[in-house]
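The values are calculated or read from the model by the stated rules, or taken from the named source; none is laboratory data. Given the structure is predicted, the values throughout are model-derived calculations rather than measurements. Don't worry about glycine lacking a Cβ; one is built from the backbone with ideal geometry, like all the others, and counts go over all protein chains shown. Side chains are part of the model used for accessible areas, which takes the heavy atoms of the whole protein and leaves out ligands, DNA and RNA. Shrake-Rupley method; radii C 1.70, N 1.55, O 1.52, S 1.80 Å.
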Amino acid sequence: MRHIISTLLENESGALSRVAGLFSARGYNIESLTVAPTEDPSLSRMTIVTSGSDDVIEQITKQLNKLVDVVKVVDLSEAPHIERELMLIKVRATGKDREEMKRMAEIFRGRILDVTDATYTIELTGNGEKLDAFIEGLDRAAILETVRTGASGIARGERVLKV
Amino acid sequence: MEISGAEIVIKCLQAEGVEYVFGYPGGAVLVIYDELFKQDKVKHVLVRHEQGAAHAADGYSRASQKTGVCLVTSGPGVTNAVTGIATAYMDSIPMVVITGQVPTHAIGQDAFQEVDAVGITRPCVKHNFLVKDVRALAPTIKKAFYLARTGRPGPVLVDIPKDVTLATCEFEYPDSIPMRSYNPVIKGHPGQIRKAAQLLLEAQRPMVYTGGGVVLSEAAPQLLRLMKLLGFPVTNTLMGLGGYPGTDPQFIGMLGMHGTYEANMAMQHCDVLLAVGARFDDRVIGNPAHFGSVPRKIVHIDIDPSSISKRVRVDVPIVGHVPDVLEDLIRQLEPQISKLDAQALKSWWAQIELWRARDCLRYDRASEIIKPQHVIEKLYEVTGGDAFITSDVGQHQMWAAQFYKFAKPRRWINSGGLGTMGFGLPAAMGVQLANPGATVACVTGEASFMMCMQELSTCKQYRLPIKVVNLNNRYMGMVRQWQQFFHGNRYSESYMDALPDFVKLAEACGHIGVQVEKPADVEPALREAFKRKDDLVLLDFLTDQTENVFPMVPGGKGMSEMILAEEL
C-alpha cells in the first residue's frame with residue numbers, strides 16, 4: 001500500500017544520502033522524495049512516498065528513526081492529511097491547440113507562467129492524481145517537457161510535526 | 001590558549017580515558033601521529049594492515065566493555081579498515097574510528113589517497129562525521145564516543161582533513177553533548193513487562209533465547225537470576241555464548257544452523273518464547289515461514305526497536321536496556337512465581353531430555369586422525385574453561401562454539417554477523433592488551449588464518465603471548481562441507497595445495513611453532529603451549545579433512561529440519 005512519510009531531520013550535509021542510502025540498501029521503494037529546510041534553518045523536512053506491506057512500512061519508520069540525523073518520523077497516511085505536488089509543464093501551443101491549452105489550464109486551475117509563439121509553460125498544483133489527469137487529458141505529442149516536485153504532505157486538523 | 005586540531009584529537013582521547021589506539025600512520029594523519037609521539041598517556045599499537053587495526057580495536061572492546069579506537073590514514077587506510085568496521089557494525093561493537101582525509105580544499109579533486117570515507121562507510125557505521133572546522137572537532141569526537149557506546153552500540157567514524165589537524169582553536173572537552181535526534185529508550189514499558197510476566201507464568205512449553213545484547217549490555221547476572229527463578233530451558237546464539245553459563249543444566253546449547261538438536265527442537269516446539277537481545281536472524285531460525293508455522297507467543301526484549309518484528313512477528317515487544325528490563329521482569333515475577341505450571345514444566349523438561357539424549361555433538365573419539373572437536377575439548381580442559389577464545393570463521397568457529405563451554409560473558413570473541421575470515425588473530429591482540437596476563441587463544445583454520453597472518457609480526461612487537469590453535473584440514477572446511485552436501489562433492493577452489501609451513505612461519509616472526517599430527521599428542525602439546533606464559537605459540541593441528549559440522553540446518557530450511565551426523 002502507498003504511504004506518505006514525513007520526517008524532520010538535521011539540516012546537515014549527508015543527511016539526505018543517509019535516507020536515500022537506507023532505502024536502497026534495504027530494498028525499499030521510493031516513489032518520490034522531497035526535502036527542504038523548514039522555518040528553523042537547522043531542520044529539514046522530508047516527505048517520502050513509498051509503498052509496501054504493513055510490516056515493511058513498520059520497518060521503514062523504525063529504520064528512519066534509527067538514523068542519528070532523523071529527529072522525528074510520522075506516517076501521514078495513518079490519519080487525514082493533505083498532499084500537494086507542483087508540476088511545471090511546457091506544451092506546444094500553436095493553431096487551434098493554443099486556445100485548447102489555455103482552456104485545459106483553466107479547468108485544472110493551472111497558471112500559464114511563460115508564453116512564446118509556439119509554447120505555454122503551465123504551473124499546476126494538486127495531488128498526484130490531478131497532475132496525472134492533466135497529462136492524460138493532453139495530446140501526448142503536445143507535451144514538450146514536464147517537471148514534478150513529488151508530493152509534500154501535512155496532517156489535517158491540529159496535529160503538527162514539530163520538535 | 002589555542003592548540004592544533006591534532007593535539008585536540010589526542011586530548012579528546014585522553015579525556016575519554018582511551019588506553020590504546022590501534023592504527024597505522026600515513027600522509028593525512030602525520031600531524032596526529034606527531035602529537036601522539038609527544039605524550040605517553042594514549043598508547044599506540046602499530047598493526048601491519050589497517051584491517052588488523054579495526055579488528056584489534058574491536059576485540060579490545062568485546063573483551064573489555066570499553067570503546068575500541070582505531071586511527072588510519074586517508075584513502076587505502078580507510079578502505080583497508082572497512083572490513084573491520086563492517087564486522088564491528090554487524091555485531092554492534094562500540095568503536096571510534098578516526099580517519100585522516102586530504103585537506104578540505106582538495107576534497108573532491110581526486111587528490112592523492114583521497115576516498116569519500118564518509119560515503120564509503122555510511123552503510124556500515126552507526127554514524128559518521130566529516131569535520132571541516134577545527135572548532136567542531138572536540139564536540140564531534142565527544143558525540144562519536146557517546147553514540148558508539150550508548151543505545152545499540154556500533155562503530156562511529158570521524159573523518160578529519162589534514163588542514164583541520166593543523167588549524168588551531170581553544171580546546172574545551174564538553175562533559176555531555178545534547179542531541180535532540182538521538183535519545184535511546186532505556187526503560188522498558190511497564191505494561192508490556194506485566195504482559196510478558198503473565199505469558200511466562202502461563203507457559204506450558206517455555207523457552208528462553210538470548211543473544212549478543214545480553215553480553216553487550218552486561219545483563220548476564222540478571223539473566224541468571226531470571227532463569228533460576230523460572231527454571232526454564234535457555235539457549236544462546238553464537239553471539240550470546242557466555243551470556244548464560246555454558247555449564248549450567250538449564251543451558252541446552254547454542255541454537256541455529258549448527259546449534260544443538262535439543263535447542264533447535266525446543267525453539268521450534270515451545271509455546272512461549274522469551275527472546276532477549278537477539279534478532280531472529282537467518283542463521284538462527286532458518287526459514288521464518290517454517291518457524292512461524294507453529295503457534296507460539298513471543299516476548300522480545302531489545303534496545304533497538306528495528307530489531308523487533310523484523311523477520312518474525314512478536315506478541316509483546318519491549319524496547320529497553322536489557323539489564324533494567326530483566327530487573328523489572330524479575331520484580332514482576334517474584335511475588336507470583338508459584339503460579340508456574342510445575343507439572344507442564346516437568347513434562348517439557350522430560351521432552352527436552354529425550355532430545356538431549358540424541359547426543360547430537362558426538363564424534364568418532366577413536367579416530368586415528370585428529371578430530372577437530374577433540375582439540376577444542378582438550379583446549380577447554382587445559383585452559384580450565386577460563387580462557388578468552390577468539391575465532392575466525394568457518395568450521396573451526398562452529399566447533400569452538402559447540403565444544404568450549406563458556407561460563408562468563410566476553411570470553412567468546414568471534415565475527416558472528418559479518419562472518420569475517422581473518423578476524424581471529426588481530427582480535428586476539430586487542431583481547432590480550434585489554435587483559436594482560438589472561439590466557440588468550442585464537443582458534444582458527446589455515447584458510448582464515450592466512451587472511452591476517454601478517455599480524456604475527458605485531459604480536460612480536462608487543463610481546464602478546466597468544467596461543468594460536470590452527471585446525472589445519474588443508475581445506476576451506478565450511479565451503480568444502482557445503483560443496484559435499486549441496487554441490488555433488490565438487491570441491492571447487494576450496495582446497496589449498498601450497499600452504500605455508502606454519503611452524504616455520506611462526507618462527508620467522510619470532511614465535512614458537514609446533515605441528516601436531518596424532519590424537520595422543522593433542523593434550524600434551526596444548527599443555528606445553530599454555531605453560532609458556534610469555535610466548536606466542538602457534539599449534540598447527542593436522543586434522544581430519546573429511547570432518548563435518550553437525551547438526552546442520554541447511555540454508556532456507558526450518559529449525560527442526562536438521563541433518564545429524566548419523567543420517568549421512
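Only aspartates and glutamates eight or more places from A:LYS66 in sequence, or on another chain, were considered; those with a Cα closer than 20 Å are A:GLU10, A:GLU12, A:ASP54, A:ASP55, A:GLU58, A:ASP75, B:ASP91, B:ASP281, B:ASP302, B:ASP304. Solvent-accessible surface of the protein assembly as shown, averaged per residue with a 1.4 angstrom probe and all protein chains in place: 41 square angstrom. Cross-link partners for A:LYS90 among the aspartates and glutamates, with Cα-Cα distance under 17 Å and sequence neighbours closer than 8 places in the same chain left out: A:GLU99, A:GLU100, A:GLU106, A:ASP114, A:ASP117, A:GLU123, A:ASP132, A:GLU136, A:ASP139, A:GLU145. Each residue of the stretch B:368-374 was assigned a 3J(HN,Hα) from its phi angle through the Karplus expression (A = 6.51, B = -1.76, C = 1.60, θ = phi - 60°), giving 8, 9, 5, 8, x, 4, 4 Hz with x at Gly and Pro.
When the other protein chains are added to the chain by itself, burial of at least 50 square angstrom of heavy-atom accessible area (probe 1.4 Å, ligands and nucleic acids ignored) affects these residues of the stretch A:42-60: A:GLN59. Near B:VAL134, once Lys and Arg are set to +1 and Asp and Glu to -1 for all other residues with Cβ below 12 Å from its Cβ, the sum equals -2.
Per-residue mean of foreign Cβ neighbours for B:307-314 is 2 (Cβ atoms of other chains, 10 Å radius).
Computed 3J(HN,Hα) for the stretch B:57-63, one whole-Hz value per residue from the Karplus formula 6.51 cos²θ - 1.76 cosθ + 1.60 where θ = phi - 60°, is 4, 5, x, 4, 5, 4, 8, glycine and proline marked x. Annotation: peptides B:102-113, B:258-269, ranked by per-residue average of other Cβ atoms within 10 Å with the highest first, follow the order B:258-269, B:102-113. The simple Förster model, with R0 at 25 Å and r as the Cβ-Cβ distance, assigns B:ILE177 and A:SER24 a FRET efficiency of 0.25. For the peptides B:120-130, B:228-238, residues were scored by their other Cβ atoms within 10 Å and the scores averaged per peptide; the highest-first order is B:228-238, B:120-130. Other residues with beta-carbon under 15 Å from the beta-carbon of B:VAL115 carry, at +1 per Lys or Arg and -1 per Asp or Glu, a net charge of -3. Under a no-solvent Debye model with one identical scatterer per Cα of the protein assembly as shown, what's log10 I(q)/I(0) at q = 0.06, 0.10, 0.11 Å⁻¹? For the protein assembly as shown, the Cα-only Debye profile gives -0.43, -1.05, -1.21.
Shielding of peptide A:20-33 by partners, expressed as the average count of other chain Cβ atoms within 10 Å per residue Cβ, is 1. Inter-chain Cβ neighbour count for A:78-86, averaged per residue, equals 0 (cutoff 10 Å, partner chain atoms only). Peptide packing: for B:6-19, B:477-490, B:391-404, A:145-158, the average count of neighbouring Cβ atoms within 10 Å per residue gives the ranking B:391-404, B:6-19, B:477-490, A:145-158, highest mean first.
Pairs with C-alpha atoms separated by more than 25 Å, drawn from the list B:LYS371/B:LYS531; B:LYS11/B:LYS162; A:LYS62/B:LYS132; B:LYS297/B:LYS408; B:LYS43/B:LYS66; B:LYS467/B:LYS504, are A:LYS62/B:LYS132; B:LYS297/B:LYS408. Carbon-plus-sulfur accessible fraction, the protein assembly as shown (probe radius 1.4 Å, protein heavy atoms only): 52%.
Charged neighbours of B:GLU170, selected by a Cβ distance under 9 Å, balance to -1 (K, R count +1; D, E count -1).
With R₀ fixed at 45 Å, the C-beta to C-beta distance from B:GLN204 to B:ILE512 puts the FRET efficiency at about 0.20. The stretch between A:LEU144 and A:ARG2, if pulled fully straight at 0.36 nm per residue, gains 48.2 nm over its current Cα-Cα span.
Taken across both chains, chains B and A shield about 1500 Å² of accessible surface from a 1.4 Å probe.
Solvent-accessible surface (1.4 Å probe) assigned to B:GLU523 amounts to roughly 50 Å². Mean residue ellipticity at 222 nm, helices only, chain B: -11000 deg cm²/dmol; runs of at least 4 DSSP H residues each add -39,500 (n - 2.57), and the sum is divided by the number of residues. Model label sites at B:THR546 and A:ASP55, defined 7 Å from Cα along the beta-carbon direction, differ in position by 4.2 nm.
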